[in-house]
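This report refers to the structure that appears directly beneath it.
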Amino acid sequence: MLWDECRQLLVPSTPEEVIRQKFVMHLKRDLGVPDWAVTLEHCMTHFKRDARGRADIVVWSPEDEPLFVVECKAPGVALTDDVLDQALRYHDLVEPEAGVIGLTNGDTTAWYAVEASGGRLARLEHAPRYADLVAGRLPPEVEPEPAAPRPHHLAPTSKDYAILEELGVLGEGSPREHHGYLSNLAGLLYFEDDPDYSGRSGRFSVESTGLNHPKFGNTSGTTMLIVAVDDFDQRHNSLQLDLDKFVTTSGEAMTLWHDGTLTRGKRGRMKNAVVMSWLRSRAPHLVSGSSVMLGSLPVSRPTTWADAETFIYNCIDYALVRDALRREP
């Protein structure tokens, strides 16, 4: 057990609790946070009646208003986008005066400033001191890292292929003539930044399945477009689109489509006719004949987010409709 000075009680000594207690000491000792200004495991129903979850650390201003929020994870738990999303959800509920969130797992700590309008994130170079936040001052932002070069899909070099191999994008069995459009789509998802689509690549990915993949059952490595659904409680892959099979190239465009194949866990594969009938009633804009049409993208130049807007929304619609059908009795 650990003695919690903030709550004045004994708490179980879990790995995450150890980090939480150490970080409170850091806040008080190094950042000038007063003893009275810290609350732990603060329930979000304090701020909104039907809200879920508890913020690990909330620091309060002298006016007894929330000043900033910290999300703590156990050692070895990576500070991924999911952790950042969780902290941002608490931040939005708490609406702290300083608009600052912190993430820590004991080994790594990251601080962000969140703009009041628009919610833009700025990574902070230094930890914010309490007195500065109360006075409305923030430490400087971290200098942005230079953007990684997007692999050249029309005339790829060995370096381009090395980048894609490191990302685990191109399947070993994907025909060489497919590499151009595959790397073009991967280049969009992994290398192009657009504020209107920030975070989208976290839900969309192009991945190699590798040889004899235990989930996909393939005998040769293929390249897949993965579309995941994230409802904040869990994330799962709703669509795994074989990009070696369900892409048709013609002239300067590639058209991505699907045949409606869908499995429902232990209940097995559904008849394609049933899936297509469901789609015609729920999302008729996706259906053309006996195929699901997801959209077309250029191949003769780098695809941009503006090019991909319809395709992205069609993929989202298709993933959600597939999930709705899976939930049917």
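Each row is one residue, and each column tells you yes or no for (1) of a type in the set (Lys, Arg); (2) in contact with a helix residue (DSSP H, G or I) (Cβ under 7 Å, 6 or more places away or on another chain); (3) more than 13 Å from HIS42 (Cα to Cα).
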| residue | (1), (2), (3) |
| --- | --- |
| VAL69 | no, yes, no |
| LEU79 | no, no, yes |
| GLU95 | no, no, yes |
| VAL114 | no, yes, yes |
| ASP132 | no, no, yes |
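Taking the stretch 33-54, which residues are open to solvent by less than 30 Å² (accessible area, probe 1.4 Å) and at pLDDT 85 or above?
Residues satisfying the conditions are VAL33, ALA37, VAL38, LEU40.
Cβ contacts < 6 Å: first residue more than 25 Å from ARG89 (Cβ to Cβ), restricted to the stretch 113-138; second residue modelled with pLDDT of 90 or more and open to solvent by less than 50 Å² (accessible area, probe 1.4 Å), any location; separation 6+ or different chain. Result?
ARG129/LEU31; ARG129/GLY32; ALA131/GLY32
Where in the stretch 84-198 are the helices (runs of 4 or more DSSP H), entirely inside, with at least 3 residues that are open to solvent by less than 40 Å² (accessible area, probe 1.4 Å) and not β-branched (Val, Ile, Thr)?
It comes to 179-191.
Does SER300 count as outside any helix (DSSP H, G or I), loosely packed, with under 15 Cβ neighbours inside 10 Å and touching a residue at least 12 places away in the same chain (Cβ under 8 Å)?
On the way: outside any helix (DSSP H, G or I): yes; loosely packed, with under 15 Cβ neighbours inside 10 Å: yes; touching a residue at least 12 places away in the same chain (Cβ under 8 Å): yes.
Yes; evaluated as a whole, the condition is true for this residue.
Which residue, of LEU27, LEU67, is open to solvent by less than 20 Å² (accessible area, probe 1.4 Å), in contact (Cβ under 8 Å) with a residue 12 or more places away in the chain and not in a strand (DSSP E or B)?
Working: LEU67 fails: not in a strand (DSSP E or B).
From the options LEU27, LEU67, the qualifying one is LEU27.
Restricting to the stretch 287-313, name every residue that is closer than 17 Å to SER183 by Cα and of a type in the set (Asp, Glu).
ASP307 - this is the single residue of the stretch 287-313 that is closer than 17 Å to SER183 by Cα and of a type in the set (Asp, Glu).
The values are calculated or read from the model by the stated rules, or taken from the named source; none is laboratory data. Only a predicted model underlies this, so the values are computations on that prediction, with no experimental measurement involved. No Cβ is skipped: glycine too gets one built from the backbone with ideal geometry, and neighbour counts run over all protein chains shown. All accessible areas refer to the heavy atoms of the entire protein, side chains included, with ligands and DNA or RNA removed. Shrake-Rupley method; radii C 1.70, N 1.55, O 1.52, S 1.80 Å.
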